[in-house]
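Below you'll find the structure, written out as structure tokens, and then a few comments.
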Amino acid sequence: MGALLGAAIVLAACSTGAPRWFRGNLHTHSLWSDGNDFPEVIARWYKERDYDFLGISDHNTLHAGERWMQVDQVVRRGARVGVKRYRELFGRDWVEMRERDGKQEVRLRRLDEYRPLLEQPGQFLLIQSEEITDAFEKKPIHINATNVQEKITPQHGHSVRDVMRNNLRAVHAQSKRVGEPIVPHLNHPNFGWAVTAEDLAHVLEERFFEVYNGHPSVHQLGDELHASVERIWDIANTLRIAELDSPPLFGLATDDSHNYFNASGSTPGRGWVMVRARELTARAITNALIDGEFYASSGVTLDAVQFDGRDLQLRIRPRPGVTYRTEFRGTRRGYDRSRQPVEHEGKARADLTWRYSADVGAVLAVVEGLAPSYRLRGDELYVRAVVTASRAPDNPVWEGQRAQAWTQPVGWRETLGTVMLHGHAEVPPDPAR
Ligand SMILES: [Zn+2]
Ligand SMILES: [Zn+2]
């Protein structure tokens, strides 16, 4: 799935070995904002469960500077066992305590302090991250910045799109200034019903969003008035390619975990990305994301995702007793472009994602088995695959949920052709390439 133009350059530049898959979660919270455990304990949880990288993305803060927290507050946030577990896992000497005004306090360790305890070259990587947490009126607009180098304060704006754009521009500006790739992705579009498909289509500074977020409050499936997150993806991608001459969005799966002490709430282990890169470094992982060399998963593993310009081929890793059904979805040139605003209580609600024809994100083929493939006819604006297993994920969010994997859209580079090769006026250049 390499970029047409980028592939040769990337191959020439990195000769450290064949690309391989690395697994990571890029959306996590700790005591540094509204999560309920210490970052070291959280990182250890992921490291022990076969993750290769983790970005702890607290709200509007990096794990930097001096920060003390009352032990009472830590206990209220999570559980009494929290400080005890922290001490047991990392040792009494590591856990720094003091007393202020008769209250016990614990210091939150900085990333530069705990990083050496957890990172292992080629095995486990921590990527500095932040959830830039902004809003327009009452709509939450949250954008993760993966591999951010300096804290970004919310930029605000005069509309949902303006807020998105201002924050994305701040990320791209920092990336350019410091010379490091930083990947911004829009979080949970349906949280607070904040971001519509049309918003996502039109804010061309955005290239990434969460097609799956494991937090139970993010309205993954939509409702009678609101499109599901997957539907939003197909609408936004179709509008971008067909009407805005622009590349589609890439989709991530993340945990957005906050709770590490019981089974309810936003617990870890629900959504992750599998990134195909040549080495496990922040730069290699973020550059691979930029190239679309990844897929999103809530429990299905793909050993191969290949697109040669004509065939999209997957190889699914089998699990005993589990069957797999792959839908190839996309929109064809000449699709029915009709659309209407959602009607509610006699009013047309133009502020919600509109309703589009069934041609948008249509099911182009359904294939059972471990080696599904789809040959493009040539009139597809894009094609993507979504694999659904017969089993539930290990840590399901809703009843009846099935483990899935989502590949990135392909075939669109051929459609956009020269637009992509020569750059689009409104699309910022890939940061720091
Ligand atoms: Zn959020
Ligand atoms: Zn979050």
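Each value in this text was obtained by applying a stated rule to the coordinates, not by laboratory testing. Since this is a predicted model, take the numbers as computed values, not measurements. Glycine also receives a Cβ, built like all others from the backbone with ideal geometry; neighbour counts cover every protein chain displayed.
With N residues in the stretch 68-107, what two-decimal value do you get for its Cα radius of gyration over 2.2 N^0.38 Å? Could the numbers behind the result be given before it?
Details: Rg = 9.8 Å, N = 40, 2.2 N^0.38 = 8.9 Å.
Expressed relative to 2.2 N^0.38 Å, the Cα Rg reads 1.09.
Rounded to the nearest 500 deg cm²/dmol, what is the calculated helix-only ellipticity per residue at 222 nm for the chain, with -39500 (n - 2.57) per DSSP H run of length n ≥ 4? Display every interim value, and only then the final one.
On the way: 11 runs with 102 residues, N = 433.
Mean residue ellipticity, 222 nm, calculated: -6500 deg cm²/dmol.
Which one, PHE124, HIS158, HIS27, is farthest towards the positive end of the dipole of the chain when Lys and Arg carry +1 and Asp and Glu -1 on their Cβ?
The residue sitting most towards the positive pole is PHE124.
Kindly provide log₁₀ I(q)/I(0) values, in the same order as q = 0.31 Å⁻¹, from the Debye equation applied to equal alpha-carbon scatterers of the stretch 30-75.
The Debye formula, applied to the Cα set alone, gives -1.22.
Treat every Asp and Glu Cβ in the stretch 68-107 as -1 and every Lys and Arg Cβ as +1, leave all other atoms uncharged, and give the resulting dipole magnitude about the Cα centre to the nearest 20 debye.
Numbers: 11 positive and 7 negative charges, 37 e Å.
Rounded to the nearest 20 debye, it is 180 debye.
Among PRO189, ALA236, HIS172, flag the residue with its Cα farthest along the positive direction of the charge dipole of the stretch 163-301, charges on Cβ as +1 for Lys/Arg and -1 for Asp/Glu.
So the residue furthest toward the plus end is HIS172.
Arranged from highest to lowest average of other beta-carbon atoms within 10 Å per residue, in what order do the peptides 273-279, 316-322 appear? Spell out each step's value before the answer.
Numbers: 273-279: 21.9, 316-322: 12.0.
Output ranking for 273-279, 316-322: 273-279, 316-322.
Sort 337-344, 138-145 for me by packing, meaning the mean count of neighbouring Cβ atoms within 10 Å per residue, highest on top. Don't jump to the answer; show the numbers that get you there.
Working: 337-344: 12.5, 138-145: 21.6.
Highest mean packing first, the order is 138-145, 337-344.
Using a simple charge model, +1 on the beta-carbon of Lys and Arg, -1 on the beta-carbon of Asp and Glu, nothing else, what dipole does the stretch 134-274 show about its Cα centre, in debye to the nearest 20?
Details: 12 positive and 18 negative charges, 83 e Å.
Approximately 400 debye in magnitude.
Taking K and R as +1 and D and E as -1, what net charge do the other residues with C-beta under 15 Å from the C-beta of GLY378 add up to? Don't skip to the answer; put the middle values down first.
Working: positive: ARG310, ARG332, ARG333, ARG375, ARG377, ARG413; negative: ASP308, ASP311, ASP379, GLU380, GLU414.
Net of charged neighbours comes to +1.
Between helix 39-48 and the chain, what is the angle of the helix's C-alpha long axis to the longest principal axis, kept within 0 to 90° and rounded to the nearest 10?
Long axis of 39-48 versus the principal axis of the chain: about 60 degrees.
What's the FRET efficiency of ASP34 with ARG333 using the Cβ-Cβ distance as r and R₀ = 41 Å, to the nearest 0.05? Could the numbers behind the result be given before it?
Working: r = 45 Å, r/R0 = 1.11.
Here the calculated transfer efficiency is 0.35.
Counting other Cβ atoms within 10 Å, keep those with at most 12, restrict to DSSP loop, and tell me which trypsin sites (Lys or Arg not before Pro) in the stretch 66-96 are left. Spell out each step's value before the answer.
On the way: sites: ARG67, ARG76, ARG77, ARG80, LYS84, ARG85, ARG87, ARG92; in loops: ARG67, ARG80, ARG92.
When the trypsin sites (Lys or Arg not before Pro) of the stretch 66-96 are filtered for loop state and at most 12 Cβ neighbours within 10 Å, ARG80, ARG92 remain.
Compare the peptides 372-384, 153-165, 195-207, 99-111 by average per-residue count of other Cβ atoms within 10 angstrom and give them in order, highest first. Don't skip to the end; give the middle numbers.
Values: 372-384: 19.5, 153-165: 17.2, 195-207: 22.2, 99-111: 14.2.
Packing order, densest peptide first, comes out as 195-207, 372-384, 153-165, 99-111.
Which whole-number value in Å³ per residue fits the convex hull of the alpha carbons of the stretch 156-302? Don't skip to the answer; put the middle values down first.
Working: hull volume 21.6 nm³, N = 147.
Taking the convex hull of the Cα positions in the stretch 156-302, it is 147 Å³ per residue.
Just how large is the dipole of the chain about the Cα centre, in debye to the nearest 20, putting +1 at every Lys and Arg Cβ and -1 at every Asp and Glu Cβ? Mind dumping the intermediate values first?
Values: 55 positive and 58 negative charges, 139 e Å.
Using only the charged Cβ atoms, the result is roughly 660 debye.
What do you get when you divide the Cα radius of gyration of the stretch 234-346 by 2.2 N^0.38 Å, with N the number of residues?
Details: Rg = 18.3 Å, N = 113, 2.2 N^0.38 = 13.3 Å.
So the stretch 234-346 has a normalised radius of gyration of 1.38.
As I understand it, the dipole of the chain uses +1 on the Cβ of Lys and Arg and -1 on the Cβ of Asp and Glu, about the Cα centre. Which of VAL410, ALA371, ALA284 lies farthest toward its positive end?
Most positive-ward Cα: ALA371.
What is the angle, in °, between the Cα long axis of helix 229-243 and the longest principal axis of the Cα atoms in the chain? Nearest 10 is fine, range 0 to 90.
The answer is roughly 50 degrees.
If you take every residue apart from ALA389 with its C-beta less than 9 Å away from the C-beta of ALA389, what net charge results, scoring Lys and Arg +1 and Asp and Glu -1?
Details: positive: ARG319, ARG325, ARG391, ARG402; negative: none.
The answer is +4.
For the stretch 68-107, what's the relative contact order in percent, using C-alpha pairs closer than 8 Å and at least 6 residues apart? Don't skip to the answer; put the middle values down first.
On the way: 36 pairs, mean separation 19.7, N = 40.
Contact order relative to length: 49 percent.
List the extent of the Cα atoms of the chain along each of their three principal axes, largest first, rounded to whole Å.
That works out to 71, 57, 49 Å along the principal axes.
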